[in-house]
């Protein structure tokens, strides 16, 4: 059986990038923490009132994911080609594959989805949202991490590229 774990490879973790931690340690660690976070995360999801991007748990990993033993491939967004993320992924010892990508123009974002403050933040970051742009924002320390996550929801929900469109 194959399982897909989605993560943000260029977001900050332990003084570097999540993908660098994977390459260095050979182990996946959820960016939500371990089992000790489950009660808090469940309470937040139950109280949110938002859509499935807030309320679903895509995967709950109860034990470590060992890259060498458990991973067939890491699949990256094309915005990470020729970057530190791709270089770190190449050190994982598994295949590196590419999906069609995510990008969304900020001028068409609907404030009714997450709120005007997140549309304003998205527009302050650039004309087009991409995963690497949001990773830059997350690492900068200039923005509330939850606010960047809300902007990421716009990208995840409305920015899926069609095969061959990038």
Based on the Cβ-Cβ distance of residue 70 and residue 105, what FRET efficiency does E = 1/(1 + (r/R0)^6) give at R0 = 30 Å, to the nearest 0.05?
0.20
Residue list for the range 64-88, given a label point 7 angstrom along the Cα-to-Cβ vector of residue 5 and an amide N cut-off under 13 Å
64-75
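Computed from the coordinates by the stated procedures, all read-outs in this text should not be read as laboratory data. Because the structure is a prediction, the values reported are computed rather than measured. Please note: Cβ atoms are built from the backbone with ideal geometry, for glycine as well, and neighbour counts cover all protein chains shown.
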